[in-house]
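Beneath this line is the structure, given in structure tokens, with notes to follow.
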Amino acid sequence: MLFAVYPILAGLAAAATGIGVAASIDRPQVETIDDFVPKLVTLVYDREALDELENQTAPSAEIDAEALAQYAYHSYSRENRLLLEEGELPPLLQNAILATEDANFFKHGGIDLKSIARAVIKNLRAGRSAEGASTITMQLARDVFQLSREKHFKRKIEEALLAVELEKKFSKQQILTMYANMINLGHGNYGMEAASQNYFNKTVADLTLAEAATLAGIPQRPSDYSVYRRPELVIKRRNIVLGRMAAVGLITPEELASTRAEPLLVTQRRKETRVGPYFAEEVRRYLISHYGETELYDRGLRAYTTMDRQIQHAADLAVREQLSALDHEKGWRGAKDHLEDENLEEVKLPSWFDAEPEPGEWYEGLVLASDRQSAEVRIGPRTYSLTADGIKWTRKGRPDKLLKRGDIAWFRLELPEDAEEPVLMLEQEPEMEAAVLVIESSTGAVRAMVGGWNFDRNEFNRATQARRQVGSAFKPFVFGAALENGYTAADTLFDGPVVFPGGPNQPDYSPRNFYRRYEGILTLRRALELSINVTSVKLLDLVGFEQVINFSRRCGIESDLPPYASLALGTSEMTPIELAAAYATFVNQGVYVAPYTIERVTSRNGRLLEEHQPRAHKAMSPAVAYVMTDILRGVAVRGTGAARLARLEIQTAGKTGTTDSYTDAWFAGFTPRYTILSWVGYDKKRFLGRGMTGAHAALPIWEAVVRRGLEDGWLQNGETFTPPPGVRQVEVDLGSGLLASVGSERVVQEVFVEGTEPKNRHDQEWARIMALPWYLQEPFYVPKEGEQMPAEISDWSTVQDVWKNKDDGPSAQPAG
């Protein structure tokens with residue numbers, strides 16, 4: 001029988017020669033492998049990774065494996081691939097690969113004639129292609145040169161010819177290393193190192209015999225040999241690999257027996273917890289726009305970003321907790337889904353993972369039963385009891401009024417202090433969205449970015465892409481322009497009814513204060529602390545549109561700013577990052593620094609491709625910037641932010657913002673080191689709800705970030721704003737703005753640009769005037785030049801129409 005095969009082999013060899021000649025015409029040049037780089041993962045690191053890289057004692061293009069696992073917070077690639085260098089493939093794994101794929105690897109020159117003969121005989125006997133004869137070098141040639149995967153002679157001859165050329169050009173160890181880096185091992189893992197870290201949470205150097213055999217067996221059919229879906233099949237394949245290793249003397253019979261008895265122990269798939277997905281997406285968009293998709297997805301770029309993981313975690317947590325609490329105020333909207341299945345106990349939801357649920361995380365739960373006292377809810381492998389404590393926010397009282405068997409809803413495990421077992425809490429996804437930014441004011445480095453409730457729900461980054469009206473958060477730029485033009489925080493304007501003539505084809509305009517009252521004589525400080533609309537529009541009118549717009553531009557605001565009276569109340573749209581960077585100018589002593597997210601971009605080999613260069617300019621004098629900072633500090637101490645910020649053990653400053661019709665809620669502010677902004681709203685602009693002001697909806701998120709910063713240490717208790725040269729602090733009466741005296745009821749340390757301090761002193765007469773209703777104060781007030789007063793109004797219909805509008809609802813005027 002064997003002799004009968006020889007003619008067949010001879011015929012095949014003759015045919016192969018002819019096909020080989022034809023194939024060689026289009027055969028790729030082996031020299032091109034010098035330029036070949038397998039598709040590599042692009043890694044995006046946080047700021048600590050760059051410090052790690054720069055602090056290495058020996059120059060290296062990469063941080064070590066442990067640092068990579070710690071600092072690489074997101075990666076983008078169609079293939080998850082980590083490369084081994086020549087010599088890094090450990091003997092144990094190498095032996096497992098060779099015993100499985102190519103036992104004669106070190107004996108042949110790219111083609112194993114014995115294997116070919118054996119395969120031909122076996123295939124002839126089977127009457128089909130039952131066994132292949134591809135060597136490791138031939139498999140590498142197929143993957144590198146992307147040959148067809150159809151099983152036919154032409155492809156085999158192409159593989160063989162290219163394999164011979166590869167063997168001439170590269171050493172055996174180089175070929176084996178390239179193979180180990182190219183091979184598909186399932187679940188998006190390409191290369192032995194990527195699979196080793198993914199499946200076993202260790203590098204190839206630390207693999208056990210059982211683990212090495214497992215990896216060596218997967219490449220034959222990676223889609224079938226899934227360690228998660230078909231572990232029993234993987235064990236069977238692993239044991240075949242072990243048998244082959246024993247057959248060629250690479251392991252002892254004792255090692256074979258003991259290792260075959262081992263279970264398959266792989267890292268459990270856990271619910272993916274991504275840190276800063278919106279931040280990562282912003283970086284990805286930048287890299288695509290500057291380097292293209294090929295470089296991003298295939299060349300293994302290394303992007304070192306400005307993200308601080310600790311600060312990012314604080315921002316993520318603040319949005320999740322506070323936006324959820326805000327949504328609770330709107331009540332329970334019902335289960336997210338429902339299953340009609342008699343065997344619910346056997347159902348496994350797609351979102352469930354093998355691991356135990358963790359406190360603090362949200363999970364989809366399946367309701368198995370509910371009654372007046374509790375509901376039985378299954379999450380993954382465990383069943384929990386939902387009691388009245390977990391549904392308090394719904395104000396329903398009974399679980400069976402909320403949930404029924406088959407309902408699917410969101411749940412969270414909460415672990416109270418001194419408790420051993422977690423308490424199950426009912427949750428629901430907010431329909432509202434939120435955005436948070438934390439910027440290091442002096443450098444412009446974005447330390448944290450949250451662009452929405454959930455990146456998987458919607459990838460739109462509201463922190464950088466959404467253009468929204470900013471409401472009263474724009475007022476500081478009106479007041480800042482006024483300070484530049486000679487006004488002081490202690491100067492007064494008259495808060496009373498006023499009508500501004502409309503422009504061409506525009507109706508007259510009359511602003512109304514949110515709290516539906518007038519204050520009369522009011523200092524600029526108090527006007528901003530209390531977010532008084534009338535005074536802000538008056539100040540814009542007095543200072544001039546050109547001055548305010550010019551000041552805003554210098555602070556980095558590039559959005560359109562139409563010269564209308566309502567500009568003072570933030571009717572213009574801008575992005576949150578634009579507004580945050582403009583606010584940072586105040587605390588940065590008047591210097592605008594453009595925000596940025598990437599410190600450095602390198603190639604995989606460490607070649608520098610890009611390094612951040614600061615873009616900064618002087619927007620205002622340090623003295624004006626500090627006076628503005630101190631006024632905004634008053635918002636946190638006495639104004640619209642005081643209820644939440646006054647007791648913080650760190651100095652803060654900022655401004656609330658609520659847009660017309662309650663569609664957007666803002667708080668923009670800063671600590672001595674960081675500028676922080678929070679926004680809440682719907683993607684499609686609509687009424688947020690009664691009382692959803694910036695102070696109520698956005699400020700709690702801002703406060704939560706700061707409190708977390710104080711707990712974690714990236715904000716320090718006792719931090720204060722540092723005054724620059726050229727300013728003076730003087731005691732003044734808070735109401736009149738005049739120098740304080742014995743008759744002053746409330747005295748504050750007011751900050752002035754040197755030479756602008758008040759000359760007159762507050763007295764009893766002023767005290768009596770300030771105690772009068774606004775309409776009785778008017779005769780005692782000396783208007784500023786050009787200031788419009790109530791006495792000048794000839795037609796009160798515009799004022800009356802504004803006052804007819806309700807406090808809450810689509811017609812409401814901007815709030816603080």
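The values are calculated or read from the model by the stated rules, or taken from the named source; none is laboratory data. Everything quoted here is computed from the prediction, not taken from an experiment. Don't worry about glycine lacking a Cβ; one is built from the backbone with ideal geometry, like all the others, and counts go over all protein chains shown. Remember, those area values only see protein heavy atoms, side chains included, never the ligands or the DNA or RNA. Shrake-Rupley method; radii C 1.70, N 1.55, O 1.52, S 1.80 Å.
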FRET E, pair Ser741, Glu792, Förster distance 25 Å, beta-carbon r, rounded to 0.05: 0.15
About the Cα centre, charge dipole magnitude for the chain (Lys/Arg +1, Asp/Glu -1 at Cβ), debye: 2000
Rounded to whole Hz, the Karplus (6.51, -1.76, 1.60) HN-Hα couplings of region 86-102, x for glycine and proline: 4, x, 8, 7, x, x, 4, 5, 4, 4, 5, 5, 5, 4, 8, 9, 6
Cα→Cβ-extended label distance, 7 Å offset, between Leu344 and Glu610, nm: 5.1
Relative packing of peptides 176-185, 584-593 - highest average C-beta neighbours within 10 Å first: 584-593, 176-185
Rounded to the nearest 20 debye, dipole of region 459-518 from Cβ charges on Lys, Arg, Asp, Glu: 320
The chain: relative contact order in percent, alpha carbon pairs under 8 Å with at least 6 residues between: 11
Förster radius 41 Å - calculated FRET efficiency between Ser171 and Arg673, Cβ distance, rounded to 0.05: 0.15
Region 701-767-region 224-251 distance, computed between alpha-carbon centres (Å): 74
Two-decimal Rg to Rh for region 452-597 - Kirkwood Rh, Cα set: 1.00
Peptides ranked, highest mean first, by Cβ atoms within 10 Å: ranges 328-338, 567-577, 435-445, 661-671: 661-671, 435-445, 567-577, 328-338
Surface share of carbon and sulfur [accessible, 1.4 angstrom probe, percent] for the chain: 49
Label-to-label distance, nm, for residues given as Glu431 and Ala771 (7 Å Cα→Cβ offset): 5.1
Packing rank of 288-300, 239-251, where each peptide gets the mean count of other beta carbons within 10 Å, highest leading: 239-251, 288-300
For region 555-698: rounded, prolate or oblate by the Cα gyration tensor [a/c cutoff 1.5]: prolate
Which of Phe494, Val537, Tyr515, positive extreme of dipole for region 473-560 (C-beta unit charges): Tyr515
Answer label, with Cα Rg over 2.2 N^0.38 Å calculated from the coordinates and candidates (1) 1.05; (2) 0.97; (3) 1.25: (3)
Charge context of Ile408, other residues only, Cβ under 10 angstrom, K/R +1, D/E -1: -2
Å² per residue, accessible surface of the chain at 1.4 Å: 45
Across Lys475/Lys685; Lys348/Lys685; Lys685/Lys804, pairs whose alpha-carbon gap is larger than 28 Å: Lys348/Lys685
Unit charges at the beta carbon, dipole of the chain: most positive-side option, Trp666, Thr798, Gly743: Trp666
MRE, 222 nm, helices only [DSSP H, n ≥ 4, -39500 (n - 2.57), over the chain, to nearest 500]: -11000 deg cm²/dmol
Extreme residue, positive dipole direction of region 402-483, given options Phe477, Ala445, Pro416 (C-beta unit charges): Phe477
Table column - 3J(HN,Hα) (Hz), region 556-568, Karplus curve with 6.51, -1.76, 1.60, x for Gly and Pro: x, 7, 9, 5, 5, 10, x, x, 10, 4, 5, 4, 4
Cα gyration tensor, region 623-738 - rounded (a/c under 1.5), prolate or oblate: oblate
Label-to-label distance, nm, for residues given as Ala642 and Val782 (7 Å Cα→Cβ offset): 2.9
Length released on extending from Asn454 to Gln749, taking residue separation times 0.36 nm less the Cα-Cα span: 101.8 nm
Solvent exposure ordering (accessible area, 1.4 Å, most first) of Ser566, Ser536: Ser566, Ser536
Extended-chain gain in nm, criterion 0.36 nm per residue less alpha-carbon gap, Arg761 and Ala205: 192.2 nm
